[in-house]
Every structure is written in C-alpha cells, then in structure tokens.
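Scroll down for the structure; my scribbles are underneath it.
The values are calculated or read from the model by the stated rules, or taken from the named source; none is laboratory data. What you see is a predicted model; the values in this text were computed from it and never measured. Reconstructed Cβ throughout: ideal geometry from the backbone, glycine too, with neighbour counts over all protein chains shown.
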Amino acid sequence: MQKHYSFLSGFFLVMFLISSFLVNAQNIQLQSSSFPSLPATSCTNTQLDVSVLKLCINAAHNGNTFSISGNTITVSLDYSLGPICLGALSMNTENINLGMIPAGTYSVVIQGVLNSSVVSTINTSLTVNSCCSAVPGFTPSQSTICVGDSIYFNNTSTGASGQQWYENNVATVTSANYGKRYNTIGVYTIKLVVSGTACSDSITKTINVTGPPIVNLGSDRTICPGDQAVLDAGAGRDSIVWSDQSTLRNLIVTSQGTYYVEVFKNGCSDKDTVTVSFYNVIDVDLGNDTVICAGDTLELDATLTGATYKWQNNTTQSSFKVYAAGTYHVERTDANGCMARDTITVAVDTNCNTSGLGENGAFREVSVYPNPVKNRISVNLPLGSSKVLFTLEVYDVQGKLIKSKNIEADSAGRLSTDVSAINPGVYTLRLMSKDENFTAHWIKE
C-alpha cells in the first residue's frame, strides 16, 4: 500500500511539472494575418484577421489593443493562463477592427501576449489610400532650427480646394503656404487640413526649436612669458572654429593676443572672445663674467620686491657672496609666479697686486676695449706711457701663460694686439716695462 501511494505521488508530480512547463512555453502561436477588405481607405474601417494556434485549451483571450506611431501600427492579442495547462490544439481566427487609419504606408507588428509577456510575433504591411480627392502634404524648410530663426512650410497637397494650418492644435492661417519666426524654444506640432469635394484629410509633422550652444572662454588672462594658456570651447558641439581656423575643442595659446571661437549645434551658433597678455618680467642681471683677486669677495645681488630666490646651491637669499672660482646662477620668481634666470662665471686671479714683476713693483689696473672681444684688444695707457716698450703677457684663469710679446705704445699711449687665435674664456692681460706695470681682466668671445 505504501509503494502504491509513492507511485501515485510521483505520477502527479510529473504531471504538475509538465503542466508548469506548458504554461511557460509558447502556448500562443500567431500563424498568419490578412486584411480582408483591401484596398484600405482612410474613410472606412480597416479589418485585420489573425490566425492563432493555442496549445492550452484553457488559455483565455482577454481582448485586443492597437496603436499607431508614425508609420508603424502595433497590434496586441492579449491572453492569460493559470498554473495548469489543459493540453489541446485549438486554431482560432481573431477579427480586429483597426478603425479609420490616415492615408499612408505602414509597417504592422502583431504580437501574441500571454500573461503580460510577448510570446509570438508576426509582421506585415498595409497601404491605406485616401478616399478624399484632396491629398494633404507639406514640406518644412528645416525640421530643427535655432530660436529666433524662421521656418517656411511649403504646401505640396493635391486636389485640395482649401486648407487650414494648425500649430499645436490651434488654427493659424488658411493661406496655401505657411511661415513663421520662432522665438521660444520647444517642440511644435504643425498640422495641415485640406478640403476636397465633401471631404477633408490632414497631415501632421513636428519641428524642434533649440537654444544656441553657450560658449564661455572665461575672463581675459595674463600669463608668464614662456607659459601657455589652454582655451576650451566645451563639449557636445557639432563643429568648432577658432580664430586661427583650427577646429579642435582646445586651443593652446603661447603668444599674446585676442582669440575668438564660434561653436555650432543644431544649426545654432555662439561666439566668445578672450585676450591673453604676458606679465612684464624684470630680467635678473648678475653682470658679465668676471675675475676677482684671490682673497677678495664678489657679492651677486638679485633683489626684487616680492620675489623669491633659488641659487645654484639651493640657498634662498636675495644675494650671494662669491669667494672662489666657478659658475653661479640664480632663479628668481616674482610676485606673479614668473621666473627669470641668470648665470655668471667668476675666475680668481692668484697674481693680483704681485710685486717684483717690473722695476716699479705693483700692477696698476687699466681698462681694455672692446670687452668682451673677438679679434683684437686695445689698451689706453696713462699719460707718460707713449713710446714705452712693454712686455705683453696673457694668462688664463689657471695662471697659465697663453701669449707673450714685446710691444711699444704709440704716441698717444695706446697699444693693441691680435687675440683671435685664443679660445673663448676669461683672461688676464699684463703689461710690464722698466718703470711701471699694468694689468686688466677681459673676456674672449
């Protein structure tokens, strides 16, 4: 007895699972469709017949719905089915009245819906002829315009004895064509109703009036020389044109000037202009490369109000004292964040003020010209040095003798010598006679 009960339980379980599967299967199958009263016209009701195969005899037909959107007609046949499917094949034909459909050619989508889910679909097409002698039609000059622009609607209707234009269901004019300037953003529905012999027909289209794209390059700006400004025309544009005719979103600016951009979106445009200027940066000047005597101090001064400083050894004072030969530099950043830089090379002469290199002992400083020099250097000696024979010597910063010759000052106390063969650098010139000695520091370019 217990085994018999288990067998029956298993049987009913299997039947329940089969029924559940059938409920969830494609129990409603659309087979075919037809329009029995063709050709269809816009002034008569259109009938649609749909053949439906039901796999469950207890599937209930709850009715039909349809909608028209543009040139698409969607028809839904609604069915419901409980948890148990009573399996049996049933072929039915559903007769659906679509009413009077405006003239045109349509795609027809027919859906079988079971328990709110689409389980079967077939597609067909339908052409509806106008039964009125007047066939409406018009063409807008544009479908999307910028606010403040105008649209012209060209009436292409045939067989019409009169017409009435509507905007958002409000009657406007009865003229053959229609035009208007739109000053408010929005979507507008334009309808044309044409009249024939004891009949009328209509056609509807929509236009979109959009606002201009807003572009803002920001305020005029000032940057440091050598820096760049990035101008942004914004995203979501149909096209962009800068003052240099480039068309990218960003413009990289490295020169002073006034720049403009025009942006376009949906036929609308907007412009903006910005001026980019440079700060006036005061150069830092540490002076020309020079020579100091051993034991002397040279103070390099880069002082500027409101500035910060960074020397070659990372110190941050406004000045720097030099005691040894070397190359020194400073980076000075002013109150606007702009940086200026200068470099100086300092040599040390270990033979400054040395006695015994002439009968008169110590050397006297004289000036040379030009300084720096490329080819030939000249010296103006003090009064009393005319027609005096000197020994001329040139030393580099290491104290190495580079050139030596005997030379006589002219009647005006001037003398000169060719230094074109000497390498660029800092040098010391010495002039020695039996009565006096002279020295000068100079730079060879």
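Laid out as a table, the results:
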| read-out | value |
| --- | --- |
| Residue ID - nearest to VAL147 (Cα to Cα), chosen from residues in the stretch 185-206 that are assigned to a loop (DSSP other than H, G, I, E, B) and either at pLDDT 95 or above or among the hydrophobic types (A, V, I, L, M, F, W, C) (or both) | ILE185 |
| Selection count where residues are more than 17 Å from SER385 (Cα to Cα) and either in contact with an Asp or Glu (Cβ under 6 Å, 6 or more places away or on another chain) or surrounded by 12 or more Cβ atoms within 10 Å (Cβ to Cβ) (or both), scope the stretch 402-423 | 5 |
| The stretch 337-351, residues that are among the polar types (S, T, N, Q) and at pLDDT 95 or above | THR343 |
| Residue list for the stretch 208-235, restricted to those being of a type outside the set (D, E, K, R), within 30 Å of VAL281 (Cβ to Cβ) and in contact with a Gly (Cβ under 9 Å, 6 or more places away or on another chain) | ASN216, CYS224, LEU231 |
| Residues within the stretch 27-58 that are in a loop (DSSP other than H, G, I, E, B) and either β-branched (Val, Ile, Thr) or over 57 Å from the mean Cα position of the chain (by Cα) (or both), tallied | 6 |
| Condition check for ASN314: surrounded by fewer than 13 Cβ atoms within 10 Å (Cβ to Cβ) and in contact (Cβ under 8 Å) with a residue 24 or more places away in the chain | no |
| Unique match (being of a type in the set (Gly, Ala, Ser), within 30 Å of GLN163 (Cα to Cα) and modelled with pLDDT of 90 or more) among SER51, SER76, SER42, SER67 | SER67 |
| Candidates THR290, THR210, THR254, THR247 - the one that is in contact with a strand residue (DSSP E or B) (Cβ under 7 Å, 6 or more places away or on another chain) and exposed (fewer than 15 other Cβ atoms within 10 Å of the Cβ) | THR247 |
| Subset of the stretch 386-414 (residues that are out of contact with any Phe, Trp or Tyr (no Cβ under 8 Å at 6 or more places or on another chain), polar (S, T, N, Q) and farther than 22 Å from THR350 by Cβ) | SER386, SER411 |
| Unique residue being farther than 27 Å from THR254 by Cα and in a loop (DSSP other than H, G, I, E, B) when the list is ASN313, ASN336 | ASN313 |
| Strands (runs of 3 or more DSSP E) (entirely within the stretch 107-170) containing at least 3 residues that are more than 22 Å from THR72 (Cα to Cα) and assigned by the TED database to the domain that holds SER202 | 144-146, 150-155, 162-167 |
| Single residue of the stretch 260-289 satisfying the filter (in contact with a Ser or Thr (Cβ under 8 Å, 6 or more places away or on another chain) and among the hydroxyl-bearing types (Ser, Thr, Tyr)) that is nearest to SER246 (Cα to Cα) | TYR260 |
| Selected residue (only one of SER157, SER161, SER175, SER125 is surrounded by 15 or more Cβ atoms within 10 Å (Cβ to Cβ), more than 46 Å from the chain's Cα centre (by Cα), at negative phi and of a type in the set (Ser, Thr, Tyr)) | SER157 |
| Some residue of the stretch 224-234 being over 30 Å from ARG341 (Cα atoms) and either in a loop (DSSP other than H, G, I, E, B) or not acidic (Asp, Glu) (or both) | yes |
| Members of the stretch 240-286 that are within 30 Å of ALA307 (Cβ to Cβ) and in a loop (DSSP other than H, G, I, E, B) | THR254, SER255, GLN256, TYR279, ASN280, VAL281, ILE282, ASP283, VAL284, ASP285, LEU286 |
